[in-house]
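**Q** Attaching a single structure in C-alpha cells format; questions to follow.
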Amino acid sequence: MNWEPVIGIEVHVELKTASKMFCGCRVDFGSEPNTNVCPVCLALPGALPVPNEQAIEWIVQIGLALNCTISPQSLFHRKNYFYADLPKNYQISQFDIPVCSGGFLDVVLDGETVRVAINRVHQEEDTGKSIHVGGGGRIHSAEATLLDFNRAGVPLVEVVTEPDIHSPAQARAYAQQLRSVIETLGVSDAKLEEGSMRFDANVSIRPQGDQELGAKVEVKNMNSFRSLERALAYEIVRQTELREDGQRIPQETRHWDEEAGITQGMRSKEGSSDYRYFPEPDLVPIVVSDEQRERIRSTLPELPHERRARYVDFGLDSHAAWVLVSGEDGLAGLFEDAVGLGADPKQVAKWLTGETTAYLRREDATIESRALTAAHLVEMTGMLAAGKLSASAAKEVLTGVLDGEGSPGEVATARDLIQMSDGAAIEVEVDAVLDSNPDALEKIRSGDMKPFGFLVGQVMRATSGKADPKVVNEILRNRASQ
Amino acid sequence: MSYHSLSDASAALRDGSVTSRELTDAALDRASKTEAELHAYLTLDHDGARQSADAADAAFAAGRDSGPFQGIPVAIKDNLVTRGIETTAASQILAGYIPPYDGTAVARLKAQGAVITGKTNLDEFAMGSSTENSAFGPTRNPWNTNRVPGGSSGGSAVAVAAGSALVGLGSDTGGSIRQPAALCGVVGMKPTYGLVSRYGLIAFASSLDQIGPITRTVEDSVAALETLAGHDPLDATSYRGDVPDFRVGFDDGVAGLTIGVVRQLSGEGFEAGVEAAFRRTVDLLSEAGARVVEVSLPSLDVSLSAYYLIAPAECSANLARFDGVRYGLRHDGPTVEEMMTATRADGFGPEVIRRILLGTYALSAGYYDAFYGQAQKVRTKVIQDFEAAYEQADVLVSPTAPTTAFEVGSKTQEPLSMYLSDICTIPSNLAGDPAISVPVGLDDAGLPIGFQVMAPALGEAVMFRVARAVERAVAFEQRPPMLEVWS
Amino acid sequence: MPIDIDIAHVARLARLGLSDEELSGYQAQLGVILDHAARVQEFDTEGVEPTAHPLSMVNAFRPDEVRPSLDRREVLEQSPAHEDGYFRVPPHLETQ
Ligand SMILES: [Mg+2]
Ligand SMILES: [Zn+2]
C-alpha cells in the first residue's frame, strides 16, 4: 500500500518587542535568571495583564503578510494547564476568535510552487525556562528543576497551517519560507538556535487517495530546519511500519531526540488534555478597524514572494531568485547593491547562490562577517566578462575575497590568476605552437578537426593555463581559415 | 475621644482639634480591647500605622494637604496586597506571604497619607458570606458575638462598626461588601465595575470583583470613592472615561425621583423584621417625595445559578497560581506534580476547594456549553432585565440581605443555603452596576438591617443621592451595645 | 436531572490531592449545587449572546515600554526554595 503523509505545522514566533506581552518587563535573553520579572509575569497574587500594543500591531502585519483575514474583533482566552514554568498555570492565548485566520503561504520547492493553507495566526505568551539539574541533567533522571521566568510572558505569535503538507521536504521549505517572511517583517529575531522560532508538527499517514485523516501524532522539540525534516521523516517511517504491521497509531505527543535521531512518546499521567478554555476576564476584546488594518497593510515591506518575482524579472530563474531571497542572510542585499552598481544580475546571482553560499555553509559563517562587498562582485563579474578570469580562477578569487585577502583584482594578482586575454600576446604563443606542429594545421584545413583540441591544449600549456581559451580558439580558427 | 465619621475626623484634623497620632492610637486601642472577641484583623500594623500617623501630622504641620484620607486610620481587607505587610487572603496557602508591591487602591489611599491600621479578616479568598471560612478563625459580629458579621469583607465591616478604623476597604464579588455592612450596621458600597482598579486585589472572579469602601456614613462613602476611582493603566478592565461627579444632587433629596421596588426580592425567605424595615424605609422615601413603583427582574431567580457557575469557573483559573512554586505554602513531594497537588489540597480550605472543583467541572470538556456558556447567556438576560427596569425607575431598591446576622456555624454545613443568602446582591455584580447598603434599623433581636440602593452603570451620583436621603430619613444612630463597655 | 461527576478527574485537572472520602464528600455537595445551577439550562436563552464581561470596552493596551522589574532578592525570599537565582522545584515526571 502507498501511504500518504499528512502534516500540519505550528510555529511559535517570539516577537522582539522591547517589553513583554502583558507587563513592562524587558525582553532580553542574556539577563541573569529571574531579573526581568514583576508581579504580572510571576503571577503574584493580585497582578493583572495589560496587552502590549506593539505586539498586536505586529501580529496583524504577520497575518496580512500570510494573506489572512483580520478579525474585526478578537478575544483572549485562558488555556488552563498546570506546569511549573507557566506561572499562572494558565496561558493567555486565543481560542475561537484569533486575530488572523484563513491565509496561505506559497512555498517554492524544486522550482514548483505549493500553496500551504494557514488556518490561523494567534497571539499568546511564552513560558519560563526549566533547567533540570542533578542526575546528569537528563530530564528523566533530574533531581530538581530550576526555573527562570525571564522568558515568561514574552509575546508569542503562533502560526498554524492546515494539514496541507505532504513531505518532510515540503515541511522544511514551508518553515524556511515562513521564517523569511517573519525576518522580512522585522518583528522577530527569528533565530532557531535561540528558540525565537519553534516548530511543532502534527503528523499522520493515510492510504493514498483517502480523504479521512489518521490519528495525529504531535512531534515536538525540533530546533532546526534539518531536525524538523529528519523528525518528520523518522515519524513517517515509524507510522508506516506500524500500519503495515497491522497496528493502530495512538494519538499522542512525541519528543524528537536529536542525538538519537528518533521520536519518543512522552509519558504523562494525564490522558487527553482538557484546557478548559474560557474568555480571559481580565482583558477586553481586540478590535482592528478597517482603517487600522489598511494602514498596517500599506506599511508592509516588500515580502519574499514579491521580491522573488522582481528578481525573476531581472532574468533570474525562480530557483536562484528563491535562494537569494530566502537563503543566507544578506545575500539579497549584496545582490541588489551589485546590480544597482551595474553588474549583470544573472552572473551576480550565480556567484552568490553558488560559490558564496557553499563557502558560508562550509565555514559556518555569515556574510556580514566576511569582506565581500557589492563593489567586489561588480569587479569580479567584470573581470570574468572581460576574460581576465577563468571560471575556476574566479572561484579561487572569490574565496580569497571572502577570506579577506583584498579586492578581486588584488587577490587575482597576488595569486597570479589573471588570465591572458590580450590577443596580440596570445597570437605569439599560438604561432609558436603552430610552428612546431605544421601538420596539425594542414589536417584542420583539410577538414579534419581532430588536432584542434590538441593545439588549444598546447597553447594553454605554454601559457601555464592563463590564456583565455575563448581567445585561443578564435585565433586558431582564424589561422586555419587563412 | 471618638469621631463618628471620616468627615468629622477629617475636619478635626484640619482645625487642629485632633492629631492623626491620637486618632490612630484610639483606633489601635479600640482594636486591642475588642480583637479578642471580634477578630476583625488578621494583622495589626501598630508600628507602620504610627509612623504613617506621624508623617501625616508632619504634613499638616507643614501645611501640606493631600486629601480627605490624610491621617485617617483605614483597615484593608486582607485580599488587597500591601507592600511589606503580610497578605494572606485568609488562606494557609499564603501564610507568611509578604507582597513586594501595593495594589492601586491601597496606593491611592497611601498617596493621600492614609494610615493603614492593618489587614482584616475575610472568608478565604473572599469565598463566603459569613467570614467563617477564614483559615485563621472567624470574625464575630459586634452587635452579637454569637452571630456572624457577614462576608466575605466581615473583618473590614467589623473594624468600622467597632471603631478600630474609620474606613474599611472591602471587595465585592457577589455582595461581599454590602452584605457584611448590612449585618454590621454600616454603609458598604460596590462601585460600577471598572471604576476602581482591581490591580492588587487577589482575584476571586475577575469579571465580578470590585473594590469598595465600608464607612459609617454615605458622605464618607462618596469621599472614599472619589479617592479610589479613576483609570489605572495597570488594569485593562479599568474604566477609561472621566470619573463622573458623584455629588450631583447629593443633598437634593428624592423628590422627583422614581424608586423601583424589586418584586422578586421579598416574600419567601425574607425575614419579617427585614421586610418591615424595608417597607418602612420605602414609605419614608415616598413621604420625602419619591415616586415608588414596583419593577420586575424576571431572571433574578436564575441569576443566582449563573453566578454560582461563573464565579467558580473564574476562580478555578485565578487560584491555579497557588501551586507552591514561587511563593506561599509548599508541601514537598517527589515530583513537581505531586508537590503541587499536595500543596493545593493542604493549603486551601474546603469552601475554596469546593468552588475550584465546581468551576473546573463547569469549564471541562463536554460541560462548558451546558454550564458556563449558558450562565454567560443568563448574564446577558440579567443585564437586559436591569435595562428594562431602569426605563421605569431611576434606582432600584431591596433589602441588602434576606435575613439579619445568622448564628455562627448555622450554615457552614449547607453550602447551598449560604449561597442563597446572596440573592439580593448578586445581580448587581452580574450586571456590573453600582449598589450600596445603608443601615435602616434593628430587628427584634437587636441586629442591624441593611437597605440596598442599586443604580445603572456609572449611576453612582443618583445612588448616593437616594442613599443619603435614606440615611437622613431613617437617622440610624445606634451603636453596637458591646462598645459601650469600652467607650 | 441527575448530574454525574467524575470527581477524581476534576480533582486531577485542578491539581487537588484529595482522599477518597474527601472526594466522595465533594461529589455529593457538588451534585446538590449543580442541580441548582443546572437551572440555567431551563432558561430560554434562544438568540441571546453570552456576556463574558459587564463592560463594553475594547482595546485596552499598553505602549511597548520597559518598566522596572522587581528586585530578585525580594522575589526569591518569598519562594519555598531557590538556588543560584532560580526557583527550585522537584523534578518533572512527564518525560521518559
Ligand atoms: Mg501555542
Ligand atoms: Zn513582568
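The values are calculated or read from the model by the stated rules, or taken from the named source; none is laboratory data. Since this is a predicted model, take the numbers as computed values, not measurements. Every residue, glycine as well, gets a Cβ built from its backbone with ideal geometry; the counts of neighbours run over all protein chains shown. Heads up: the accessible areas ignore ligands, DNA and RNA and are worked out on the full protein's heavy atoms, side chains in. Shrake-Rupley method; radii C 1.70, N 1.55, O 1.52, S 1.80 Å.
**Q** Mind ordering B:199-207, B:61-69 by average Cβ neighbours within 10 Å, highest first?
**A** Sorting B:199-207, B:61-69 by mean packing, highest first, produces B:199-207, B:61-69.
**Q** If each DSSP helix of 4+ residues adds -39,500 (n - 2.57) and the sum is divided by the residues in chain B, what number results at 222 nm, nearest 500 deg cm²/dmol?
**A** -12000 deg cm²/dmol
**Q** May I ask you to order B:144-151, C:51-58 by the average number of other C-beta atoms within 10 Å around their residues, highest value first?
**A** Peptide ranking by packing, descending: B:144-151, C:51-58.
**Q** Give me the number: length gained by fully extending B:ALA370 to B:THR145, i.e. 0.36 nm times residue separation minus the C-alpha to C-alpha distance, one decimal in nm.
**A** 76.8 nm
**Q** How high is the relative contact order of the stretch A:423-481, in percent, counting Cα pairs under 8 Å that sit 6 or more residues apart?
**A** 40
**Q** Within a Cβ distance under 15 Å of B:ASP433, other residues only, what is the Lys/Arg minus Asp/Glu net charge?
**A** Once all neighbours under 15 Å are counted, the net charge is -3.
**Q** Quick one: how many Å² of B:MET340 are accessible to a 1.4 Å probe, rounded to 10?
**A** Ignoring ligands and nucleic acids, B:MET340 comes out at about 0 Å².
**Q** Something else about it: Using only the heavy atoms of the protein chains and a 1.4 Å probe, how would A:LYS346, B:LYS190 rank by accessible area, largest first?
**A** A:LYS346, B:LYS190
**Q** So, one more: Accessible surface of A:ILE367 in the full protein assembly, 1.4 angstrom probe, to the nearest 10 Å²?
**A** Accessible area of A:ILE367: about 10 Å².
**Q** First check a/c for chain B, with a ≥ b ≥ c the square roots of the eigenvalues of its C-alpha gyration tensor; if it is under 1.5, answer rounded, and if not, answer prolate when a/b is larger than b/c or oblate otherwise.
**A** rounded
**Q** Enumerate the amide H contacts of C:ALA81 below 5 Å, restricted to partners 5 or more residues apart or on another chain; note that Pro and chain-start residues carry no placed amide H.
**A** Placed amide hydrogens put C:ARG88 under 5 Å from C:ALA81.
**Q** So, one more: What does the structure give for A:88-98 when I average, per residue, the other chain Cβ atoms found within 10 Å of the residue Cβ?
**A** Whole-number average of other-chain Cβ neighbours for A:88-98 is 2.
**Q** Using only the Cα atoms of chain C, build the gyration tensor, take square roots of its eigenvalues as a ≥ b ≥ c, and label the shape rounded, prolate or oblate: rounded if a/c is under 1.5, else prolate if a/b is larger than b/c, else oblate.
**A** Cα axes put chain C in the oblate bin.
**Q** Still on this model: What accessible area, in Å² to the nearest ten, does a 1.4 Å probe give for B:PHE270?
**A** 30
**Q** Next up: Report the local net charge at B:TRP143: Lys and Arg +1, Asp and Glu -1, summed over other residues whose C-beta lies under 11 Å from its C-beta.
**A** Neighbourhood net charge equals +2.
**Q** Taking a Cβ-Cβ separation under 4.7 Å as the criterion for a possible partner, which cysteines of chain A have none?
**A** Result for chain A is A:CYS23, A:CYS25, A:CYS38, A:CYS41, no neighbouring Cys Cβ within the cutoff.
**Q** Next up: Do the sum for chain C: with -39,500 (n - 2.57) for every DSSP H run of n ≥ 4, divided by all residues, what is the mean residue ellipticity at 222 nm, to the nearest 500 deg cm²/dmol?
**A** Here the helix-only value at 222 nm equals -9500 deg cm²/dmol.
**Q** Right, next: At 7 Å along Cα-to-Cβ for each site, give me the label-to-label distance between B:GLN384 and A:GLU244 in nm.
**A** Here the answer is 6.1 nm between the modelled labels.
**Q** Suppose a student asked you for the relative contact order of chain A, using Cα pairs under 8 Å spaced at least 6 residues apart; what percent would you report?
**A** Result for chain A is 14 percent.
**Q** Shifting gears a bit: Relative contact order of chain B: what whole-number percent is it, with Cα pairs under 8 angstrom and at least 6 residues apart?
**A** That works out to 18 percent.
**Q** How large is the convex hull of the C-alpha atoms of the protein assembly as shown per residue, in Å³?
**A** Given the Cα convex hull of the protein assembly as shown, per-residue volume reads 213 Å³.
**Q** If a paramagnetic tag sat 7 Å from the Cα of B:ASP29 along the Cα-Cβ line, which residues of the stretch B:135-165 would have the backbone N under 19 Å from that point?
**A** What the label zone holds, given the 19 Å backbone N cut-off, is B:159-165.
**Q** Please compare each pair in A:LYS388/A:LYS450; B:LYS119/B:LYS411; A:LYS191/A:LYS216; A:LYS20/A:LYS129; A:LYS88/B:LYS110; A:LYS88/A:LYS129 to a cut-off of 19 Å on the Cα-Cα distance and tell me which ones are over it.
**A** A:LYS388/A:LYS450; B:LYS119/B:LYS411; A:LYS191/A:LYS216; A:LYS88/B:LYS110
**Q** Turning to a different aspect of this structure: Other chains' Cβ within 10 Å of B:306-313 residues: what's the mean?
**A** 4
**Q** Working out 0.36 nm times the residue gap between A:MET1 and A:MET266, then minus their Cα-Cα distance, what length gain in nm do you get to one decimal?
**A** The span from A:MET1 to A:MET266 would gain 92.5 nm if fully extended.
**Q** Using only C-alpha atoms and all pairs of different ones, pull out the Kirkwood radius for chain A in Å with one decimal.
**A** One over the average 1/r among Cα pairs gives 26.5 Å for chain A.
**Q** Can you give the local net charge around B:THR404? Use residues other than it whose beta-carbon is closer than 12 angstrom to its beta-carbon, Lys and Arg +1, Asp and Glu -1.
**A** Result for the neighbourhood of B:THR404: -4.
**Q** Something else about it: At R0 = 56 Å, how high is the FRET efficiency between B:HIS231 and A:ILE418 if r is their beta carbon distance? Nearest 0.05 is fine.
**A** Efficiency, rounded to the nearest 0.05: 0.15.
**Q** Separate question: How far, in nm, would the chain grow between A:THR69 and A:SER31 when pulled straight, counting 0.36 nm per residue and subtracting the alpha carbon separation?
**A** 9.9 nm
**Q** State in Å² the accessible area per residue of the protein assembly as shown; use a 1.4 Å probe, count heavy atoms of protein chains only, and round to the nearest integer.
**A** Dividing the accessible area of the protein assembly as shown by its residue count gives 37 Å².
**Q** What is the average number of partner chain Cβ atoms found within 10 Å of a Cβ in B:364-372?
**A** Taking all residues of B:364-372 together, the mean is 5.
**Q** If we sort A:160-173, B:455-468 on the protection proxy, mean other Cβ atoms within 10 Å, highest first, what's the order?
**A** The packing order, highest mean first, is B:455-468, A:160-173.
**Q** In whole percent, how big is the carbon plus sulfur part of the accessible area of the stretch A:423-481, probe 1.4 Å, protein atoms only?
**A** Roughly 51 percent of what the probe reaches on the stretch A:423-481 is carbon or sulfur.
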